[in-house]
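Asks: Would you mind keeping the following structure in view while I ask a few things?
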Amino acid sequence: MARRRDDDDDDDRISDRPRSGGRRDDDDEGDLPRRRRRRRDEDDDDYDDERPRRRRGGEMGPLDGMYRDTNIVVLVLFALCCNGIAFILSLIAVVTAKDPTAKSNATVCMIVAIVVTVLGVGGRIALMMSAPGGFR
């Protein structure tokens, strides 16, 4: 039969200490006041060199960040799977983008979306023409 939690042999010992081992007891010698915890925004100075700097304000269009920072393979897959919305977003990005990398990635995505749309429409027309009744 499995032992229950309150069947432990340590029941005879009662401890006044808190369960967490990280705190000191009140009777420790040389107690120091607790350090003030640093707020998250105070830590920002530590990481300034590691984070890429983003341009703020009116220097970028609304979709510059997405098309600049996303891998081109992901953008092509986006255009293959969702060619309608990819075409619309890419057109907006090409018109409003100020970053040359974002503009070129948006152009590639838009071209792939156009090619997939044309192939889809052409395949539909060819399928209708090859039907037994033909295209009426």
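Asks: Quick check: pseudo-label points 7 Å beyond the Cα along Cα→Cβ at Met66 and Val115, how many nm apart are they?
Replies: Computed distance between label sites Met66 and Val115 equals 2.2 nm.
Asks: Could you list the trypsin sites (Lys or Arg not before Pro) in region 60-113 that lie in coil according to DSSP, counting only those with at most 12 other Cβ atoms within 10 Å of their Cβ?
Replies: On the way: sites: Arg68, Lys98, Lys103; in loops: Lys98.
The qualifying sites are Lys98.
Asks: Multiply the residue gap between Ser130 and Arg37 by 0.36 nm, knock off their C-alpha separation, and tell me the result in nm, one decimal place.
Replies: Values: separation 93, 0.36 × 93 = 33.48 nm, distance 7.38 nm.
Gain on stretching Ser130 to Arg37: 26.1 nm.
A short reminder: the numbers here are calculations on the coordinates, not readings from a lab. What you see is a predicted model; the values in this text were computed from it and never measured. Ideal geometry is used to build each Cβ from the backbone, glycine not excepted, and the neighbour counts take in all protein chains shown.
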